[in-house]
Amino acid sequence: MNSSDPERPQLSFFPKTGKSFDEIDNAREPLLQDGAINHPRDNYSVLSAILPFVFPALGGLLYGYDIGATSGATISLQSAKLSGITWYNLSSVEVGLIVSGSLYGALIGSIMAFSIADFLGRRRELILSSLLYLVGALVTALAPNFPIMVIGRFGFGIAIGLAMHAAPMYIAETAPTQIRGRLISMKELFIVLGMLLGYAVGSLEIGIVAGWRYMFATSVPISLIMGVGMWWLPPSPRWLLLCAVQKNENIQGTRETAIHCLCRLRGEAIGESAAEQVDEILADLSYSDEGKEASIWEVFQGKCLKALMIGGGLVLFQQITGQPSVLYYAATILKSAGFSAASDATKVSVLLGLLKLIMTGVAVLVVDKLGRRPLLLGGVSGIVSFLGTFQHLLHFHLLSDIYRLPSA
C-alpha cells in the first residue's frame, strides 16, 4: 500500500506535525489523524510465523505431558519390583501430594505471574518458565527420597503457572491477525498432545526398573528446546511499546526496536508495512487505557468484575467436575477397573489421550463455525453425563468387591 494514499489515515509521528515525540507523548494526543483506524492485511511468512507459536506452545505441551506422565509414574513408584527405591510403600496421601504438587506450584506461579509479567515481559517470563521446567524435572527424576520429589514437583508446577500465563499472551501479541485465533486454539491442542505423549512414554517405560525417573526426565530435553527457542525469539513488539508508554520513555527509539522485532517475527514478507503496524499498535495504546498502570483491585470493579466472574467461573467449574483427576489417575483407575497388568492399564490410557486429542482437534476446526457457547454447553453436558456414568460404574465395582462371596 502506498503511504501517500489519501484514503489512509495519516500518522502524526512525523516531522510535518511540527512536534517532537516527547511533546506528543506528554500531551497524549491521538497518534492517528482523520478518525478511524484502518487494519490492512497482515503480511507474513508462514515459516517465520511457526516458530513464534511453537516455542511458547511447548510450555503447554509440558503441562499436558506432566498429566500423562504422572498417570504412569504413580504406578511405577509403588511397584516393589520396578520402582528401584526403598520408599515405594507410599500412602494414598503421599501419592496425592506427588500428583498435586505440580498443581500447588501452578497456583503459586499464577499468582506470581501478575506481579512479574509486565516487569519481565512475555519472552523472559517464558524463559524463566523453561528454566523452572528444567530444574523441576531434574529434581523430580533424580529425587533420592519423597520430600525432595515433592519439592521438584512443586517447582515444575510454578513453571506451569508462569507458562500458562505468558504463552497465550506472547502468541496473541506476535501472531498475524489472520491466524491469531486459530493459533491460540492450537495452543490447547498442544496441551492435549502433551498428555498423549505422557501416556505413551508411560506405557513404554512402565516395565523398566525406575521407569518413573525416565518418565519425568523426558521433560528435560523439551524444556531445553523451549528455553533456547524463547531466547532466540524477539520480545513482543506490543509489550515493548506498552512499557515505553507506561514509563513515558523515548517512543522513537522503542518504535524502531519494535519494528525490528516485528520484521523478525513476520519474515521478509512483511516488507515496509512493519512500521505501519507498529504505528497502529501505538494508536491502540493511546486511545485505550491499556497504557496506564493498573492495580489488582481494578479487576474487582465494574466491567472487569463481570469478566472475571464469567471467565474465572468457567475455569473453576470445569476443574470442579473432577475430570482433571481422572486424567492424572487414568492408569490407576484403569488398573483397578480390571486391567490388572500395569502395562495394559497404561496402554489403554494412551487410547484415552488419543481420543482427547481427536476431539480437541475437531473443536479447534469447528469453533469458528459453531461458536464458543454451543461447544461449551455440549462439552459440559458430556462431562456431566460421562462422569455420572463413571461414578455409578465405580460404585457398582466397589460394592461387588465388598459383597462378593468366596468361591467354594
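Could you grab me the full set of residues in the range 136-186 that are among the β-branched types (Val, Ile, Thr) and either touching a Lys or Arg at 6+ places or on another chain (Cβ under 9 Å) or farther than 16 Å from residue 58 by Cα (or both)?
Within the range 136-186, the subset among the β-branched types (Val, Ile, Thr) is 139-140, 148, 150-151, 158, 160, 171, 174, 177, 179, 184.
Matches in the range 136-186: 139, 140, 148, 150, 151, 171, 174, 177, 179.
Picking from 256, 268, 280, which residue would you name as being without any contact (Cβ under 8 Å) to a residue 24 or more places away in the chain, acidic (Asp, Glu) and not assigned by TED's automatic domain parsing to the domain that holds residue 124?
Details: 268 fails: without any contact (Cβ under 8 Å) to a residue 24 or more places away in the chain; 280 fails: without any contact (Cβ under 8 Å) to a residue 24 or more places away in the chain.
None of the others qualify; the one that does is 256.
With the structure loaded, tell me whether residue 192 is part of a helix (DSSP H, G or I) and assigned by TED's automatic domain parsing to the domain that holds residue 352 or whether it fails that test.
Details: part of a helix (DSSP H, G or I): yes; assigned by TED's automatic domain parsing to the domain that holds residue 352: yes.
Here the answer is yes, as residue 192 does meet what is asked.
Collect the residues in the range 229-266 that are under 14 Å from residue 124 (Cβ atoms) and either polar (S, T, N, Q) or assigned to a helix (DSSP H, G or I) (or both), keeping them in residue-number order.
First, the residues of the range 229-266 that are under 14 Å from residue 124 (Cβ atoms): 229-236, 239-240, 243, 261.
Answer for the range 229-266, where residues must be under 14 Å from residue 124 (Cβ atoms) and either polar (S, T, N, Q) or assigned to a helix (DSSP H, G or I) (or both): 229, 230, 231, 232, 236, 239, 240, 243, 261.
Does residue 188 count as crowded, with 22+ Cβ neighbours inside 10 Å and of a type in the set (Asp, Glu)? Write out each step before concluding.
Details: crowded, with 22+ Cβ neighbours inside 10 Å: no; of a type in the set (Asp, Glu): yes.
So residue 188 does not fit the description; no.
Show me the helices (runs of 4 or more DSSP H) entirely contained within the range 298-408 in which 3 or more residues are modelled with pLDDT of 75 or more, in contact with a Lys or Arg (Cβ under 9 Å, 6 or more places away or on another chain) and not hydroxyl-bearing (Ser, Thr, Tyr). Lay out the reasoning, then the answer.
Values: elements: 302-320, 323-328, 330-336, 342-370, 372-403.
Passing ranges, in order: 342-370.
On the given criteria, is residue 101 out of contact with any Leu (no Cβ under 8 Å at 6 or more places or on another chain) and within 30 Å of residue 230 (Cα to Cα)? Walk me through it before giving the result.
On the way: out of contact with any Leu (no Cβ under 8 Å at 6 or more places or on another chain): yes; within 30 Å of residue 230 (Cα to Cα): yes.
Here the answer is yes, as residue 101 does meet what is asked.
Give me the pairs: first residue in the range 125-148 and of a type outside the set (A, V, I, L, M, F, W, C), second residue outside any helix (DSSP H, G or I), beta-carbon distance under 7 Å, and six or more apart or on different chains, which are they?
Taking only residues 6 or more apart or on different chains, the pairs are 145/87.
Being among the hydroxyl-bearing types (Ser, Thr, Tyr) and in contact with a helix residue (DSSP H, G or I) (Cβ under 8 Å, 6 or more places away or on another chain) is the filter; apply it to the range 176-235 and report the residue that is nearest to residue 349 (Cα to Cα). Give the steps one after another, and end with the answer.
In the first step, residues of the range 176-235 are kept if they are among the hydroxyl-bearing types (Ser, Thr, Tyr); the result is 177, 185, 199, 203, 214, 218-219, 223.
Of the ones still in play, those that are also in contact with a helix residue (DSSP H, G or I) (Cβ under 8 Å, 6 or more places away or on another chain) are 185, 199, 203, 214, 218-219, 223.
Working: 185: 24, 199: 6, 203: 8, 214: 18, 218: 18, 219: 19, 223: 24 Å.
The selected residue is 199.
Just to be sure, is residue 130 within 20 Å of residue 214 (Cβ to Cβ) and buried (at least 22 other Cβ atoms within 10 Å of the Cβ)? Break it down stepwise before answering.
Values: within 20 Å of residue 214 (Cβ to Cβ): no; buried (at least 22 other Cβ atoms within 10 Å of the Cβ): yes.
No.
Please work out if residue 217 is of a type outside the set (D, E, K, R) and touching a residue at least 60 places away in the same chain (Cβ under 8 Å). Show your work before the answer.
Values: of a type outside the set (D, E, K, R): yes; touching a residue at least 60 places away in the same chain (Cβ under 8 Å): yes.
Criteria met by residue 217.
Within the range 212-230, how many residues are more than 22 Å from the chain's Cα centre (by Cα) and either acidic (Asp, Glu) or crowded, with 24+ Cβ neighbours inside 10 Å (or both)? So that I can check it myself, show each step before the final result.
Initially, the range 212-230 is screened for residues more than 22 Å from the chain's Cα centre (by Cα), giving 212-214.
Of the ones still in play, those that are also either acidic (Asp, Glu) or crowded, with 24+ Cβ neighbours inside 10 Å (or both) are 212.
Final tally of qualifying residues: 1.
The values are calculated or read from the model by the stated rules, or taken from the named source; none is laboratory data. Being a predicted model, the structure only gives us computed values, none of them experimental. Reconstructed Cβ throughout: ideal geometry from the backbone, glycine too, with neighbour counts over all protein chains shown.
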